[in-house]
Amino acid sequence: MDRVSIKQKAKGMIKGNLWNFWKAFLVVMVVTFVITKIVGIVAEPNTILNSALSAVGTALIAPLQVGVIAYVLQMVRGGSADLNILKNYFDNFLNLFLISLAVAILTAVGFVLLIVPGVIVVLMFAMVN
């Protein structure tokens, strides 16, 4: 398949179906916004409590992000648009939390070494979810 045929196929999938693709993203964006605002209200910036609550918020959002990926894949593969798939990945919460933590640590180490290794690490783990 060439680029043009892939693009036409994607446009055909989206036509008349755009809201179904966006609603999962909107749910995750609203949840992320609410968690960020709660952390900002509860804890002062640049404190240990703020960092801890941000880590917990990130851990809570990770299963939702994986759920969005599964939702879009389900739609692309011809399935129905069911938002219940977003909550299915909370069963793998520990695995998702640990992999997110490992990626964050490796990324931080890469950026401490220099900018370029940090970018390489980010690109290496971009598709972990």
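The table for this structure:
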read-out: Part-to-part distance (alpha-carbon centres) for the stretch 62-129 and the stretch 1-55, which is given in Å; value: 12
read-out: Label zone at F93, where the point sits 7 Å out along the Cα-to-Cβ direction: the stretch 41-61 residues whose backbone N lies under 20 Å; value: 51-61
read-out: Radius ratio Rg over Rh of the chain, counting only Cα atoms, Kirkwood formula for Rh; value: 1.05
read-out: Cα-based helix-to-principal-axis angle, 18-42 vs the chain, degrees rounded to 10; value: 10
read-out: Efficiency of FRET from Cβ geometry, W22 and M124, R₀ 22 Å, rounded to 0.05; value: 0.15
read-out: Gaussian network model of the chain, Cα within-10 Å springs - most flexible of I99, I48, I38; value: I48
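Bear in mind that the values in this text are calculations on the coordinates, not laboratory data. What you see is a predicted model; the values in this text were computed from it and never measured. Note: ideal-geometry Cβ built from the backbone for every residue, glycine included; neighbour counts use all protein chains shown.
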